[in-house]
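Below: one structure, written as structure tokens.
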Amino acid sequence: DHYEEDQGDSESVQQLLDVPEQPFELEITTPGVLGGLRYKPSQRITPEAGQVEIEVYATGLNFRDVLMALGLYPGGPIPLGSECSGVVTGIGEGVTELKPGDEVIGIAPKTFGKYVTTLANLIVPKPSNISFEDGATIPITYLTAYYAMHYIGRLQKGERALIHAGAGGVGQAAIQIAQMIGAEIFTTAGSEEKHEFLRNMGVKHIMSSRSLDFADDVMEATNGEGVDVVLNSLAGEFIPRSLTLLKPFGRFLEIGRTDIYQNSQIDMYPFRNNLLYSAIDLDMASREKPQLIRSLFLELMEYFKEEKLKPLPLTHFSASEAIGAFRYMAQRKNIGKIVVSMKEKSTREVQQIDETMPIRPDATYMITGGTGALGLLMAEWLINHGAKHLVLATFVPPSNYAKEQIDILKKQSAEIAIAMGDVTDKDQMSTIFSDISSNMPELKGIMHLAGLLDDKAIMHMNLESMIKVMRPKVEGSWNLHQLTLDHSLDFFIFFSSAASVVGSPGQANYTAANIFMDALSVYRKSIGLPSLTINWGFWLETGMAGKEAVKSDRTLFKGSRMIKPEQGLQILDRLIKKDINRTIVSPVVWSEVLDPYTKDRIPPLYLLFEDQKIEKAGKGAAKKASITGEQLAGMEAEERQDLMNSYLQNEIARVVGVSPSKLDINKPLN
């Protein structure tokens with residue numbers, strides 16, 4: 001995939017907000033700048049007749065919140081936050097179905113806060129088999145999808161439904177509802193990662209949301225018949241193209257707002273086939289028909305209790321990390337839902353354990369190199385997945401920054417021990433393991449990150465440099481392997497490097513060290529021990545290699561890009577659940593990787609990848625265009641303008657990752 005680096009992104013991971021002890025709400029101090037979000041003190045609102053007050057435990061982030069913060073929401077100013085989970089703290093006159101202390105989920109304004117007051121009809125009891133964080137994924141997504149597809153669209157078993165943006169929150173909910181009903185599902189999504197996720201959900205017909213080719217694909221798959229229902233959230237030319245896919249008596253369900261507020265025009269001819277076009281506005285329905293919304297909400301809760309529907313996959317942020325959550329959604333990288341816990345203390349103790357994720361609250365996990373930037377990121381990842389006991393092994397005392405981050409992690413009810421010791425010294429490591437056995441729960445997982453760099457050209461590489469770099473990877477890995485032979489580990493993850501696969505100039509010592517670690521991982525697997533080695537590319541401003549690469553790209557292999565922290569963590573989520581031994585992870589632009597080669601001279605390593613990727617890379621490189629002075633000199637002024645329009649339209653579309661046809665040159669880019 002093409003990958004655009006964004007230096008500002010990595011900074012957002014560390015941009016933490018102060019969360020007041022007293023009641024508060026999130027405000028936009030500088031419209032258009034996500035870094036300008038701040039929590040401000042607020043007043044609790046006593047519930048009136050028909051209302052309830054809720055202490056918010058978790059809130060779901062929606063794209064309209066991001067648009068509001070960026071000053072781009074087409075419907076005008078609205079409060080930030082519109083759905084939550086939490087506990088009822090007060091009720092108004094006439095409210096009989098809820099009482100203080102009830103665990104609930106629902107729709108409310110200003111849910112990026114400590115307390116909210118809202119209509120009781122928009123709140124329902126939270127099923128006991130769903131955690132607070134999972135509960136926050138449900139209200140807007142499932143109510144929108146259910147109201148649209150069931151109540152308005154009347155989707156029936158055996159019908160066909162096209163669900164645009166299937167990897168998003170509403171898209172995921174709509175897919176589950178359609179599967180429950182028994183409809184045949186067609187969906188679009190923007191990246192191969194999202195396509196793979198949808199395939200794992202059992203969706204067979206998946207197309208790109210970055211091209212208008214989806215229409216031809218749908219007609220081909222349905223033998224020219226089309227679909228019965230379209231759930232649309234895309235804008236511009238996607239609307240008329242989707243309308244052409246509807247069978248007679250088809251229903252077009254519009255949940256996007258852009259074209260409505262821009263008063264865009266559509267061709268009426270398709271409606272000769274008795275088509276229905278319905279604009280879905282859950283906000284208006286909640287205000288004008290709260291009883292209807294409540295009845296649909298209660299129906300949905302029964303499906304969740306019976307586990308016919310499940311909460312959406314989520315990416316979790318704490319209240320202090322709200323800016324990072326907004327930025328993460330602004331990049332459109334999320335699959336499913338983004339949830340922000342509004343209580344600094346983690347509520348993960350009420351979550352059900354994910355049986356496919358081998359991380360438990362009653363076990364201890366060790367990270368070597370644990371006080372470095374990447375080690376701290378892994379510690380946070382483990383805690384976010386339910387770990388409560390961590391050992392961060394380190395050869396050097398933690399920095400002030402590391403101490404601050406560790407204090408933040410400890411606030412999530414986690415026990416974090418700093419173990420001073422050299423991973424290359426077996427006696428020191430044996431002492432650390434003994435201390436764990438005596439004072440902490442059973443050790444169930446190890447992540448080996450410790451390592452050093454000492455780059456030199458091969459002609460200047462001496463024995464001292466080789467030993468310095470190889471010992472943490474070679475002796476360190478072997479010590480950890482031997483000292484855990486009598487432990488029943490759930491996972492042992494070696495953090496290796498792509499350098500051991502493709503090489504890296506000036507890093508012969510580092511490359512050799514990682515090759516040993518890769519081989520040890522294969523050996524462990526061969527004798528029945530858990531082992532996963534990940535040959536990482538360079539992390540963006542995280543870890544020693546990443547910091548070096550930021551200064552200079554000389555250590556990056558041609559065509560590679562930096563791994564953003566959120567990308568790496570998403571991939572780790574998947575890898576730790578899989579029974580695989582080794583994998584290479586690096587964003588790659590294949591046209592650049594293959595640029596110096598003809599098809600007859602492609603290195604064998606690259607031939608191991610799919611031919612389709614190689615062919616696509618070649619085509620992408622061939623399409624790259626430029627404008628020369630010679631071209632412009634021979635053109636009239638109007639011709640020059642047309643050429644520039646076309647060139648800029650294609651270049652901007654490439655950068656933002658959309659089809660050029662989506663960019664109307666007569667409208668603002670926003």
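Pairs to check: LYS99/LYS305; LYS114/LYS578; LYS289/LYS662. Give those whose C-alpha atoms are more than 27 Å from each other in this structure.
Pairs exceeding 27 Å: LYS114/LYS578; LYS289/LYS662.
For labels at ALA512 and GLN265 in the simple 7 Å Cα→Cβ model, what's the distance in nm?
The modelled label-to-label distance comes out at 7.3 nm.
Determine the sum of side-chain charges near GLY226: Lys and Arg each +1, Asp and Glu each -1, restricted to other residues whose C-beta is under 15 angstrom from that of GLY226.
-2
Fully extended, how many nm does the chain gain between ASN274 and LYS456 (0.36 nm per residue separation, minus their Cα-Cα distance)?
Extra length available between ASN274 and LYS456 comes to 58.3 nm.
Student exercise: in the range 342-482, how many lysine pairs 8 or more apart or on different chains have Cα atoms under 12 Å apart?
5
If I ignore ligands, DNA and RNA and count only protein heavy atoms, how much of TRP478 is accessible to a 1.4 Å probe, in Å² to the nearest 10?
Approximately 100 Å² of TRP478 is accessible to the 1.4 Å probe.
Ranked from the most accessible area to the least, with a 1.4 Å probe and all protein chains present, what is the order of MET68, MET180?
Reading off the accessible areas and sorting them downward yields MET180, MET68.
With θ set to phi - 60°, apply the Karplus curve 6.51 cos²θ - 1.76 cosθ + 1.60 along the range 387-402 and write out the HN-Hα couplings as whole Hz, x wherever there is a Gly or Pro.
Values per residue, Gly and Pro as x: 5, 10, 9, 10, 10, 9, 7, 8, 8, 10, x, x, 6, 4, 4, 4 Hz.
Using modelled amide H (1.01 Å from N, peptide plane; none on Pro or chain starts), what sits under 5 Å from the amide H of TRP539, excluding residues fewer than 5 places away?
Correct list: GLY546, ILE563.
With a 1.4 Å probe and all protein chains kept in place, how much accessible area does LYS411 have, in Å² rounded to the nearest 10?
Surface open to solvent at LYS411 totals about 130 Å².
Give me the Kirkwood hydrodynamic radius of the range 284-346, using the inverse of the mean 1/r over all pairs of distinct Cα atoms, in Å to one decimal.
Answer for the range 284-346: a Kirkwood hydrodynamic radius of 14.1 Å.
For HIS448, HIS150, give the ranking by accessible area with the largest first, probe 1.4 Å.
Accessible-area ranking of HIS448, HIS150, largest first: HIS150, HIS448.
Could you work out the helix-only [θ] at 222 nm for the chain, with each DSSP H run of four or more residues adding -39,500 (n - 2.57) and the total divided by the number of residues, to the nearest 500 deg cm²/dmol?
Counting only the DSSP helices, I get -10500 deg cm²/dmol.
Kindly work out what percent of the DSSP beta bridges joining two residues of the chain are antiparallel, to the nearest 5.
The antiparallel proportion sits near 35 percent.
Which shape class applies to the range 452-523: rounded if a/c is under 1.5, otherwise prolate when a/b exceeds b/c and oblate if not, where a ≥ b ≥ c are the square roots of the Cα gyration tensor eigenvalues?
Taking the square roots of the gyration eigenvalues as a ≥ b ≥ c, the range 452-523 is prolate.
What percent of all Cα-Cα pairs in the range 219-331 falls into each 5 Å bin, going from 0 up to the bin containing the maximum distance?
All Cα pairs considered, the percentages come to 2, 9, 13, 13, 15, 17, 17, 9, 4, 1, 0.
The values are calculated or read from the model by the stated rules, or taken from the named source; none is laboratory data. If you're wondering where the values come from, they're calculated on a predicted model, not measured in any experiment. We place every Cβ from the backbone using ideal geometry, glycine too, and count neighbours over all the protein chains shown. Side chains included, ligands, DNA and RNA excluded: accessible areas come from the protein's heavy atoms. Shrake-Rupley method; radii C 1.70, N 1.55, O 1.52, S 1.80 Å.
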